[in-house]
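Asks: I'd like to ask you about the structure that follows.
The values are calculated or read from the model by the stated rules, or taken from the named source; none is laboratory data. Just so it is clear, the structure is predicted and the values come from calculations on it, not from any experiment. Positions of Cβ are backbone-derived with ideal geometry, glycine not excepted, and every protein chain shown enters the neighbour counts. Just so you know, the surface numbers come from the protein's heavy atoms only, side chains and all, with ligands and any DNA or RNA stripped out. Shrake-Rupley method; radii C 1.70, N 1.55, O 1.52, S 1.80 Å.
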Amino acid sequence: MRDWHVAISGGSQGIGFATAQALATDGMNVHLMARRELPLRSAAEAVGGNAYACDISKIDQIQTVFEDISLNTSGRLDGLVVNAAKYGMGAALDTSPATFRAYLELNLVASLELVKHALPLLRNGQGKSIVMVSSTLALKPVPGTAIYAASKAALDSLTMSLALELASEGIRVNAVLPGVVNTPIHEPQNENEPSRAEKMKILSPLHPLGRVGSPDDIAAAIKFLISPASSWMTGVRVPVDGGISIA
């Protein structure tokens with residue numbers, strides 16, 4: 001798979017960067033998208049990939065990025081990892097319509113736009129695999145996560161619908177559903193929050209396997225779904241969560 005090309009949104013840190021590392025280790029060419037240019041370029045350099053600064057909430061920027069990717073890949077892609085997302089806590093009934101729309105715009109609408117703009121390149125590729133990064137909160141929400149969980153549940157539904165719509169073209173669409181993963185999204189947002197390390201300590205026992213996940217845990221599952229080893233899988237939602245969704 002040394003001539004394969006895979007695009008990854010949210011590729012500068014966390015699950016996106018770990019996925020880039022895993023795919024690059026297998027010799028794949030990775031194309032990383034993220035908003036902040038300096039961390040993005042550092043991440044791309046670390047894995048020998050290409051960097052594309054992009055705010056995926058803006059459709060014109062998505063279009064420009066895939067035009068640039070096409071130039072760098074001779075018009076083809078073998079995989080797309082839809083990873084960038086908006087995460088936060090808050091009670092559903094206290095959430096403003098504007099905030100709810102912001103979650104849906106990034107976690108759902110932008111995800112679909114990434115797929116739309118990647119499709120012409122995927123049709124020319126070999127792998128033809130799309131992987132959505134969802135969440136086990138889509139299966140089992142907890143108090144304070146309603147808006148994020150709802151956006152990810154919608155993403156799961158979109159995953160299955162796209163899998164059906166694109167199956168005749170041999171394009172596969174699957175999702176991974178992480179449990180709690182030790183990534184920068186858990187950094188405190190205000191002074192009253194516990195530290196990221198403290199959060200991980202608190203949340204670890206909630207997982208039957210006794211620990212939170214690492215970005216590498218999720219990257220391994222994404223790598224499998226991108227690869228030919230999963231060639232007869234589509235429309236599947238794969239929890240990678242230490243068992244928290246069944247606890």
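Asks: Convert each backbone phi in region 53-67 into a coupling constant with the Karplus relation 6.51 cos²θ - 1.76 cosθ + 1.60 (shift: θ = phi - 60°), then list the ³J(HN,Hα) values in order as whole Hz, x for Gly and Pro.
Replies: Ordered by residue, 3J(HN,Hα) equals 5, 7, 9, 6, 6, 10, 4, 5, 6, 4, 4, 4, 4, 6, 5 Hz.
Asks: What are the equivalent ellipsoid semi-axes of region 44-116, built from the alpha-carbon gyration tensor (square roots of five times its eigenvalues), in whole angstrom, biggest first?
Replies: Equivalent ellipsoid of region 44-116: 29, 13, 10 Å, largest first.
Asks: Under 16 Å from the Cα of Lys152, which aspartates and glutamates turn up, not counting those fewer than eight places away in the same chain?
Replies: In chain and number order, the partners are Glu105, Glu113, Asp241.
Asks: Taking amide hydrogens as modeled 1.01 Å from N in the peptide plane, which residues meet the under 5 Å criterion relative to Gly125, leaving out close sequence neighbours?
Replies: Leu77
Asks: Follow-up question, since we're still on this one. If you roll a 1.4 Å probe over the chain with all protein chains in place, what percent of the accessible area is carbon or sulfur?
Replies: Percent of accessible area from carbon and sulfur atoms in the chain: 55.
Asks: Note down the net charge around Leu206, summing +1 for each Lys or Arg and -1 for each Asp or Glu among other residues with Cβ under 15 Å from its Cβ.
Replies: Residues close to Leu206 contribute a combined charge of +2.
Asks: With a 1.4 Å probe and all protein chains kept in place, how do Val240, Val82 rank by accessible area, largest first?
Replies: Result, largest first: Val240, Val82.
Asks: Using the heavy atoms of the protein chains alone and a 1.4 angstrom probe, what is the accessible area of the chain per residue in square angstrom?
Replies: Per-residue accessible area for the chain comes out at 47 Å².
Asks: Now for a different question. Please turn the phi angles of region 219-235 into ³J(HN,Hα) values with the Karplus equation 6.51 cos²θ - 1.76 cosθ + 1.60 (θ = phi - 60°), one per residue in order, whole Hz, x for glycine and proline.
Replies: The phi angles translate into 4, 4, 5, 5, 4, 4, 6, 6, 7, x, 4, 10, 5, 10, 10, 8, x Hz.
Asks: So, one more: Give the cross-link partners of Lys128 among the aspartates and glutamates, using a straight C-alpha distance below 15 Å as the criterion and excluding same-chain residues fewer than 8 apart.
Replies: Within the straight-line limit of under 15 Å, Lys128 reaches these aspartates and glutamates: Asp3, Asp78, Glu165, Glu169.
Asks: Still on this structure, please answer the following. Would you compute, for the Cα atoms of the chain, the largest minus smallest coordinate along each principal axis and list the three values in descending order, in whole Å?
Replies: Cα extents, longest axis first: 49, 37, 35 Å.
Asks: A further question follows. Heavy atoms of the protein only, probe of 1.4 Å, neighbouring chains included. What is the accessible area of Arg41 in Å², nearest 10?
Replies: Around 120 Å² of this residue is reachable by solvent.
Asks: Nothing charged except the Cβ atoms of Lys and Arg (+1) and of Asp and Glu (-1): what's the magnitude of the dipole of the chain about its Cα centre? Round to the nearest 20 debye.
Replies: Dipole about the Cα centre, nearest 20: 320 debye.
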